[in-house]
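What follows is one structure encoded as structure tokens, with my remarks underneath.
The values are calculated or read from the model by the stated rules, or taken from the named source; none is laboratory data. From a predicted model like this one, the values you see are computed outputs, not experimental measurements. So basically every Cβ, Gly included, is an ideal-geometry build from the backbone, and we count neighbours across all protein chains shown.
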Amino acid sequence: MPHRRAFRLRKSKAVRDKLAAAFLLGAALFTPPLLMLFMNGGMVAGVPVFALYVFSAWIGLTGVVALIAEKGEGD
Amino acid sequence: MARSVLIVDDEPNIVISLEFLVRQAGYESRIARDGDAALAAVAERLPDLILLDVMMPKRDGYDVCQTIRANPAWAGVRIIMLTARGREIDREKGFALGVDDYVTKPFSTREVVELIKHYLEPAP
Amino acid sequence: MSTGALALVSLLYLLVLFAIAYGGDRRVGLTGRPLSGPWIYSLSLAVYCTSWTFFGSVGLASSRGLMFLPIYLGPTLMAALWPMVVGKMIRIGRAERITSIADFISSRYGKSHSVGALVTGIAIIGIVPYISLQLKAVSDTFELLTHETTANLFDTAFYVTVILAAFSILFGARHIDASEHHRGMVSAIAFESVVKLAAFLLVGGLVTYSFHDGFGDLFAQAAARPDIAQLFTFAGSGDYGTWISLTLLSMMAIICLPRQFQVAVVENVDEAHVRRAAWLFPLYLILINLFVLPIALAGRLAFADQGVDPDTFVLALPLAKDSAVFATIAFLGGLSAATGMVIVETIALATMFSNYIAMPLLVRGYLAFAPGRDSLSGVVLAIRRLAIVGFLLLGYLYARLTGENFTLVGIGLMSFTAVAQFAPVLLGGLFWRGGSKAGALAGLAAGFLLWAYTLFLPSLARSGVLPSSFTEWGPFGMALLKPGALFGLAGMEAVPHALMWSMIANIGCYVLVSLISEQSAIERIQASQFVDSFNAVPGGTSQFWRGNATISDLQALAARFVGAEHAEAAFRGFSQTRRISPNPDEANPELVEFTERLLAGAIGTATARVVVASVAKGEIVSLHEVMDILDENSQVIAYSHKLEQKSKELETTTAELRAAYEKLSDLSRLKDEFIATVTHELRTPLTSIRSFSEILFDNPQVDLSQRQEFLGIVIKESERLTRLINQVLDLAKLEADTDTWDLVDSDLVQVMEDAASSVGQLFKDKGVALDLDLPAQPVHLETDRDRFSQVVINLLSNAVKFCDPQTGRVQVSLRDQADGITVSVRDNGPGIPDWACEKVFDKFQQVGDTMTSKPAGTGLGLTISRNIVSHLGGRIWVESPPGQGAMFAFFLPRIPSDGNLGAGSIGPDH
């Protein structure tokens, strides 16, 4: 059925586009303007702010990618 | 017996002026305010000439003309059409229906009188 | 721990690994359902984490803090793009039977031998240091654990090399077809990924929670030491540059490393796995990096200035606390990290080497001398096995030569920068049709040369293999060409510096040369196959072949490279699934294509093409024709698509135009009628005026009373003419909307009283009664006083016209409502028939009994009234119940909406 195929292609393209947006988000999270913000040498909950930020952003980004990738799975 | 002219128009003032002109020229005048009245008047007594306005309520001048020309008993009556529409096509339509002559409003009173005389008193 | 015991443990581990691999291969045979889900795929991608990750990250973190992270953040970012990039590569790889990254790039640039060979060369030279890193890590940790140093010719590293070579051959070079999935190997790699992650988490947990009191305690102790606390931030702004460079570098490496290409593309069994790996793989990276900083800090705290190599902290920390079990776990974790990398990398390199360096030479000889009929498949396997041994020995040699001069990360980054040179031609080739073979060669060569000059040669110089003068003073004393500060660009770290220059040269040459060079037909075919792969039609290049060959020729050819048995089985399978051409002797293009792919698995796409072409004599000349036809076809398709769109647009435009035309001709007809009617209405009073003037002029004898009567008619008709002209102009102004509207707050009661009194005479003359029903209080409304008054007067004079004299009665009322006002004018005249209620507001539509008398007026009053009311935002209507006269009314809203004021549109009923 060609239209089913076209639909699937469109859907997987939508997933790819969303993932590309997640990539841009990640690129912004891990480059200087934002990094500098957390480079103050302080500690939060006994953990250096910078490390805390990088790992939180990392986990968050991975979560976002997981949501996008798995949501598009069910077709 | 004087020749008779039937004046058909829905504008009272125009009727008044035509009536004056016809009478002054020495003819008998009768009046009809619309197409139906005109046909009734013709049926009652055949005039020698009809001054027929085109744009009238109910039955317009063309219609009246067509009805008259369709009746062989009324064949001798002369019809001069009066119209406010000076377009060529209206004129053509009038001649096609058997109108003898055509006058465009606003008309010259002398021209109308001469036309009436022309049709009622053929050159000897 | 004794050497023998540790060696035994290591060997046992490797045997377990082999058992898994063997089982993995078997299960394919038995049940057809191997371990190949998305989890296995994601875990196998974690072959990215090598000894570098396991030992080296801690080493880097102990001196540079979080600077070890970009190497994992880059791949995390790239993973989001995998479904787009790797998904495309998998699709192409499957269609073209791609066996390696060299194969992929070569295939993209017209199945070019030279491109494949160059990629292979760069990969081998670039990766050998990386292999040596693994050997160094395993042997160093082995020695650390056994407290044994062997300084003779056959040191620990050598034994490690030999054992790893043996296992790599066992895992990956048992079969001839390199494009078939090594499912056993993938299972083993996935298992190793679990082992190294578990080992690292165990050691990290031990260090953090047993040796210390959790993260908080560890960070607090570190913060108390200024020399360690500085690891929590960057030292200077240069660090940001390094951070970004390393992120970019690792983004390219995760795609371009031969072993990553192997597991991500060649070993992929289902494209859908990529989508899950896009987050599972980053998750793995997060977990394995969680304890890096804590271990580094613990190491700094525990071994302050004791000369312990930070690269061994992972092992040294449990060892220092005499925890032999955890030390062994750490060693095994490191061993699994190293073996995983070595096995996959050497297999990938060996495939590339045999396909692009060994086979072309061999095939040339084979075709030239055509020796006996013995199969070449054995030769291919032997070449691959020898290549594996060779690469490991080269790695060993590099480790021996460079010795202790480098950290694990330093060596790894050098390899990363080398393979990053593939990124422009690889990604460019996927998304840019214009990239040409010449451009690829130029870009790769330029990037590689700059890499070698700025990174590789200095590394050899520092080890004393090359004279160090050129790194310090520049070649021949030319400071501008100093490898570490090329063209005077000083102050950057070596890797960012090398990355920047090599990428500028690489991308620059690739793009420029591609733009100025011409693509051959096969390059154009391959370029469009790669770039359009997401919407390509399956079928490959077979339709381009117009060769003639017999089936037996092709089968004989295949047998020489893949073995008679394999070839026969493959050809039988092919003839069963597809109808072979009617002439049993003549091979159809599909079979030629099939043979080429079969051979591509063994000897690479470029060589396979040459070999098959020699037998099938497929004419490349015809490719030009086909390309032209293809080009033309796609142009025609694009053109007809455009046409279709255009004709659709035209259709709608035509419909719109027709509607507009109909509306216009309607309007034009209305205009004509209007003019004709106006002409008629103007001529009528004019006729009377002229007639009576002439009568009076020609008949001076007319008596006085008649003269007066006639002059009265002339005056009245003149007035009528004036009124008519005024109203026509009024209407024209209203419709053209040129008039200014003077909106002021007005007392409508007053306005209506004034209007009533101005028509009072008219009512008196006809003897019609006028009743005013107005509110006692003033009614205020923002409106145009004169226009409002005009409407009221129009309605009043309209009403009086239709009333019978004497008995007539007109009632006027004004109602003040919340949202506006309503004025109504009711008469007791003959009323208006239903059919006329809609029409009375149209121009020159007078309704009356003309039998008796024609109502005086121009027939424009109501039209003008409606226009005014609409303009003020209100509406006007008429009600006429039978026998009750007519009631005209209009409503004006309190706040006239802007849309109706001065906007040119005249109300909703227009």
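Of the residues B:Asp63, B:Asp48, which is touching a Lys or Arg at 6+ places or on another chain (Cβ under 8 Å), more than 30 Å from C:Glu719 (Cα to Cα) and more than 9 Å from every other protein chain (Cβ to nearest Cβ)?
Numbers: B:Asp63 fails: touching a Lys or Arg at 6+ places or on another chain (Cβ under 8 Å).
Exactly one residue qualifies, and that residue is B:Asp48.
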* If C:Ser245 passes every condition in (1) polar (S, T, N, Q); (2) under 30 Å from A:Leu37 (Cβ atoms); (3) buried (at least 24 other Cβ atoms within 10 Å of the Cβ) but one, which one does it miss? -> (3)
* Quickly run through the range B:24-40 and pick out the residues that are part of a strand (DSSP E or B) and within 13 Å of chain C (Cβ to nearest Cβ). => B:Ala32
* To do: Could you grab me the full set of residues in the range C:303-319 that are out of contact with any helix residue (DSSP H, G or I) (no Cβ under 6 Å at 6 or more places or on another chain) and part of a helix (DSSP H, G or I)?
  => C:Ala316
* Can you spot a residue in the range C:49-58 that is surrounded by fewer than 24 Cβ atoms within 10 Å (Cβ to Cβ) and more than 14 Å from every other protein chain (Cβ to nearest Cβ)? -> no
* Structure fact -> Note on the range B:1-23: residues within 14 Å of chain C (Cβ to nearest Cβ) and hydrophobic (A, V, I, L, M, F, W, C) are B:Ile7, B:Val8, B:Ile14, B:Val15, B:Ile16, B:Leu18, B:Phe20, B:Leu21, B:Val22
* Answer yes if at least one residue in the range B:87-94 is within 14 Å of chain C (Cβ to nearest Cβ), surrounded by fewer than 21 Cβ atoms within 10 Å (Cβ to Cβ), assigned to a loop (DSSP other than H, G, I, E, B) and not β-branched (Val, Ile, Thr), and no otherwise. => yes
* Asked: Right, C:Ser193: within 14 Å of chain A (Cβ to nearest Cβ), part of a helix (DSSP H, G or I) and in contact (Cβ under 8 Å) with a residue 24 or more places away in the chain or not?
  -> no
* Asked: Does the range C:95-124 hold any residues that are surrounded by 22 or more Cβ atoms within 10 Å (Cβ to Cβ), more than 15 Å from C:Arg609 (Cα to Cα) and not aliphatic (A, V, I, L, M), and which are they?
  -> C:Ser100, C:Thr120
* Structure fact -> Note on the range A:1-35: residues modelled with pLDDT of 80 or more, more than 30 Å from C:Thr208 (Cβ to Cβ) and at the interface with another protein chain (Cβ under 8 Å from one of its Cβ atoms) are A:Leu19, A:Ala20, A:Ala22, A:Phe23, A:Ala27
* To do: Considering only residues that are in contact with a Gly (Cβ under 7 Å, 6 or more places away or on another chain) and closer than 21 Å to C:Leu164 by Cα, look in the range C:194-206 and name the one that is surrounded by the fewest Cβ atoms within 10 Å (Cβ to Cβ).
  => C:Val195
* Asked: Of all residues in the range A:36-62 being more than 20 Å from the chain's Cα centre (by Cα) and at the interface with chain C (Cβ under 7 Å from one of its Cβ atoms), which is farthest from C:Gln230 (Cα to Cα)?
  -> A:Gly46
* (1) at pLDDT below 85; (2) touching a Lys or Arg at 6+ places or on another chain (Cβ under 9 Å): which one isn't true of C:Leu696, the others all being true? -> (1)
* To do: Name, by its number, the condition in (1) modelled with pLDDT of 70 or more; (2) under 37 Å from the mean Cα position of the chain (by Cα) that does not hold for C:Ala606.
  => (1)
* From the options C:Ala461, C:Ala438, residue that is in a helix (DSSP H, G or I) and either of a type outside the set (Gly, Ala, Ser) or at pLDDT 85 or above (or both) -> C:Ala438
* Structure fact -> Within the range B:71-90, residues being farther than 20 Å from B:Asp10 by Cα, modelled with pLDDT under 80 and not β-branched (Val, Ile, Thr) number 2
* Structure fact -> Among residues of the range B:36-62 being within 11 Å of the chain's Cα centre (by Cα) and of a type in the set (Gly, Ala, Ser), the residue surrounded by the most Cβ atoms within 10 Å (Cβ to Cβ) is B:Ala38
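So which helices (runs of 4 or more DSSP H) stay within the range C:35-129 end to end and still have 1 or more residues that are within 29 Å of the chain's Cα centre (by Cα) and at pLDDT 85 or above? Write out each step before concluding.
Details: elements: C:38-45, C:57-64, C:70-96, C:101-108.
Hits in the range C:35-129: C:38-45, C:70-96, C:101-108.
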* Just to be sure, is C:Ser139 of a type outside the set (A, V, I, L, M) and surrounded by 24 or more Cβ atoms within 10 Å (Cβ to Cβ)? -> no
* To do: Would you be able to say whether some residue in the range C:236-248 is closer than 25 Å to C:Arg64 by Cα, at pLDDT below 90 and either part of a loop (DSSP other than H, G, I, E, B) or more than 13 Å from chain A (Cβ to nearest Cβ) (or both)?
  => yes
* Write out, first by first residue and then by second, each pair whose Cβ atoms fall under 8 Å of each other, whose residues are 6+ apart or on separate chains, and whose first residue, in the range C:79-91, is within 8 Å of chain A (Cβ to nearest Cβ) while the second is not in a helix (DSSP H, G or I). => C:Gly87/C:Glu271
* With respect to C:Ser665, determine if the residue is within 14 Å of chain B (Cβ to nearest Cβ) and at pLDDT 80 or above. => no
* Asked: Any idea which of C:Arg720, C:Arg690 is at pLDDT 90 or above, among the basic types (Lys, Arg) and either surrounded by 11 or more Cβ atoms within 10 Å (Cβ to Cβ) or more than 30 Å from C:Arg826 (Cβ to Cβ) (or both)?
  -> C:Arg690
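Determine whether the range C:19-30 contains at least one residue that is at pLDDT 75 or above, closer than 16 Å to C:Phe191 by Cβ and more than 42 Å from the chain's Cα centre (by Cα).
yes
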* Asked: Could we say that C:Ile288 is more than 11 Å from chain A (Cβ to nearest Cβ) and within 16 Å of C:Ile71 (Cα to Cα) here?
  -> yes
* Qualifying positions in the range C:262-317 - free of Cβ contacts under 8 Å to residues at least 60 places away in the same chain and of a type in the set (Asp, Glu) -> C:Asp305
* Structure fact -> Cβ pairs under 6 Å, 6+ apart or interchain, first in the range C:767-793 and among the hydroxyl-bearing types (Ser, Thr, Tyr), second part of a helix (DSSP H, G or I), ordered by first then second residue, are C:Ser789/C:Val751; C:Ser789/C:Ala755
* To do: For the range C:441-448, indicate whether the set of residues that are among the aliphatic types (A, V, I, L, M), part of a helix (DSSP H, G or I) and modelled with pLDDT under 90 is non-empty.
  => no
